[in-house]
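The structure appears right after this line, and notes come after that.
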Amino acid sequence: TICDCPGSNSRPYVPTHHCCNSSRFVRFFTLFCYVLPVLASATANFTVECDQAFDIPTATFTDNCDDVLAYETTVSSSTDGCTTTLTYTITATDNCDNAASHNVIVTVVDTTDPVITAPAGGSFSCQDAVAYGAPTATDNCDTDLTITFTDVTVPGDCPQNFTIVRTWTATDNCGNTSSANSSYLIFDNTAPVFDAVPANETYTCAPSGWAPAVVTATDNCGTVTITTNVESDLDGCGNGIITVVYTATDACFNASTISYTATINDNVDPVLSSMPADIEMECGAEWPAVPVVTATDN
């Protein structure tokens, strides 16, 4: 027999007697083809990254009657968070419209971290704004990445010398992250600046209550400490030069100095109060009292 689509066939039976007498009957055969195709092989379920290309799943079937089957593949999808499930349904149909199907599940995930490149960093004076720059980041599936950063300050040898280590982090829509660091060196190598330099002083004698002039200074980044050193080079009469040296130092030991002098030179004679008048005396006369003479000095 052959397997055919539903229909009928008949077979006549005619016995013949040797005397030419005969009789006849017909036997009818109704043929049904209801056996479904049977799965022979199929692509196994698999998981791929969201940017990974893959071959469409396939399946093969065998049939009890047909050697050539008609195949159709349909796909449906569902998404749960960052996981997309693709269901490929492969259907084989024989010539009598008997059909069988098989599903292959392809799970699409995103487990790949973004790639981030941090800016180069650099060195900056403490008085200048730090140019941090910006990182670049790419991802295999997302174009809208979230960029964040955190800073850690590493102290140096003084308050205005330190390093900022900035950690840049890129995060994709599925929570995959990657990080890169940039270092920014902050330095202070500028000495304080005095607001004014005292003028040199000259005296004919040491003034009463003399003291060094008061000076002020400013720094580009911090506070200033001013020290005063007075060096006197005077003779026994108090004449000579007094040198005053000021040193302004910031918190990072940058320093600048200025100085001025006070010269003392007493070259003015004292002044007598009056000149006594000359007198004439008789010999043997009693000596008069010595006149009192006073003098003043500068």
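The values are calculated or read from the model by the stated rules, or taken from the named source; none is laboratory data. As the structure is a computational prediction, the values presented were derived from the model and not from experiment. Note that we place each Cβ from the backbone using ideal geometry, even for glycine, and neighbour counts take in every protein chain shown. The accessibility values were calculated without ligands, DNA or RNA, using every heavy atom of the protein model including side chains. Shrake-Rupley method; radii C 1.70, N 1.55, O 1.52, S 1.80 Å.
Results, tabulated for the structure shown:
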read-out: Close pairs (9 angstrom Cβ cut-off, 6 or more residues apart or separate chains): hydrophobic (A, V, I, L, M, F, W, C) in the range 129-156, assigned to a loop (DSSP other than H, G, I, E, B) and open to solvent by 80 Å² or more (accessible area, probe 1.4 Å) anywhere; value: CYS141/ASP51; CYS141/ASN173; LEU145/ASN173
read-out: Qualifying residue in the range 20-29 (condition: outside any strand (DSSP E or B), open to solvent by less than 80 Å² (accessible area, probe 1.4 Å), aromatic (Phe, Trp, Tyr) and over 30 Å from TYR184 (Cβ atoms)); value: no
read-out: Qualifying positions in the range 261-273 - open to solvent by 70 Å² or more (accessible area, probe 1.4 Å) and either out of contact with any Ser or Thr (no Cβ under 7 Å at 6 or more places or on another chain) or of a type in the set (Phe, Trp, Tyr) (or both); value: ASP269, LEU272
read-out: Condition met for GLY284 (surrounded by fewer than 12 Cβ atoms within 10 Å (Cβ to Cβ), on the phi > 0 side of the Ramachandran plot and either acidic (Asp, Glu) or not in a strand (DSSP E or B) (or both)); value: yes
read-out: Top-ranked residue of the range 159-194 - restricted to ones that are within 16 Å of SER125 (Cα to Cα) and not in a strand (DSSP E or B), ranked as most open to solvent (accessible area, probe 1.4 Å); value: ASN189
read-out: Odd one out for ASN267 among (1) free of Cβ contacts under 8 Å to residues at least 40 places away in the same chain; (2) in a loop (DSSP other than H, G, I, E, B); value: (1)
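Conditions tested, residue by residue: (1) in contact with a Leu (Cβ under 8 Å, 6 or more places away or on another chain); (2) open to solvent by 50 Å² or more (accessible area, probe 1.4 Å); (3) closer than 30 Å to THR190 by Cβ.
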position	(1), (2), (3)
ASP55	no, yes, no
ASP66	no, no, no
TYR71	no, yes, no
THR79	no, yes, no
CYS82	no, yes, no
THR89	no, no, no
ASN103	no, yes, no
ASP113	no, yes, no
VAL130	no, no, yes
